[in-house]
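A short write-up of the structure that comes next.
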Amino acid sequence: MTTFSEQYKLAKDIAFVDRVQQALIKVAVTVSAENPGKRIPAAQEIVRKPREMALLVAFGVVGVNGISEKSSDAEIEVAVRSVINVYTALIPEPKPVVVKAVSQPVVAKQPWYKRVLK
């Protein structure tokens with residue numbers, strides 16, 4: 001990919017997003033076996049909403065050098081891992097929101113990908 005226009009078109013291509021989605025699920029399974037950290041919430045969101053996450057991550061994947069519609073599955077998987085690492089590193093730890101309930105306080109956190117989209 002050389003232009004942003006070409007990258008945008010590829011990120012919106014259904015067949016490419018399908019491949020990114022499958023790579024995301026594979027990465028999420030791998031990440032879930034790791035020690036707890038920032039990537040665990042990302043893996044949980046990928047499993048809960050694989051299509052939504054694929055649509056978001058595809059835009060980062062096409063920005064990785066050498067990624068095109070002709071890229072192999074292995075190349076796309078490496079790009080997905082790279083993008084997930086960058087996205088999770090850029091996200092600050094959320095400030096817990098305390099919701100007072102009748103019995104005891106409940107801490108609610110905003111999903112990591114919604115913080116990326118702000």
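Within the stretch 8-22, residues that are free of Cβ contacts under 8 Å to residues at least 40 places away in the same chain sit with their Cβ atoms under 9 Å from residues that are basic (K, R) and assigned to a helix (DSSP H, G or I), at 6+ positions apart or across chains, in these pairs: Q21/R51. In a residue-by-residue description of the stretch 69-80, the property of being among the hydroxyl-bearing types (S, T, Y), buried (at least 19 other Cβ atoms within 10 Å of the Cβ), in a helix (DSSP H, G or I) and out of contact with any Pro (no Cβ under 8 Å at 6 or more places or on another chain) applies to no position. Considering every residue within the stretch 72-86, establish whether at least one is among the hydroxyl-bearing types (S, T, Y) and modelled with pLDDT of 90 or more. Yes, some residue in the stretch 72-86 is among the hydroxyl-bearing types (S, T, Y) and modelled with pLDDT of 90 or more. Taking the stretch 46-64 as the range and being outside any helix (DSSP H, G or I) and surrounded by fewer than 19 Cβ atoms within 10 Å (Cβ to Cβ) as the test, the residues that pass are K49, G63, V64. Taken over the stretch 50-81, the criterion of being in contact with a helix residue (DSSP H, G or I) (Cβ under 8 Å, 6 or more places away or on another chain) and basic (K, R) is satisfied by R51, R81.
For the stretch 1-31, what are the residues that are of a type in the set (A, V, I, L, M) and over 15 Å from the mean Cα position of the chain (by Cα)?
Listed by number, the residues that qualify are M1, L10, I14, A15.
The values are calculated or read from the model by the stated rules, or taken from the named source; none is laboratory data. Predicted model only: the values in this text are computed from it and were never measured. Cβ: placed from backbone, ideal geometry, glycine included. Neighbour counts: every protein chain shown.
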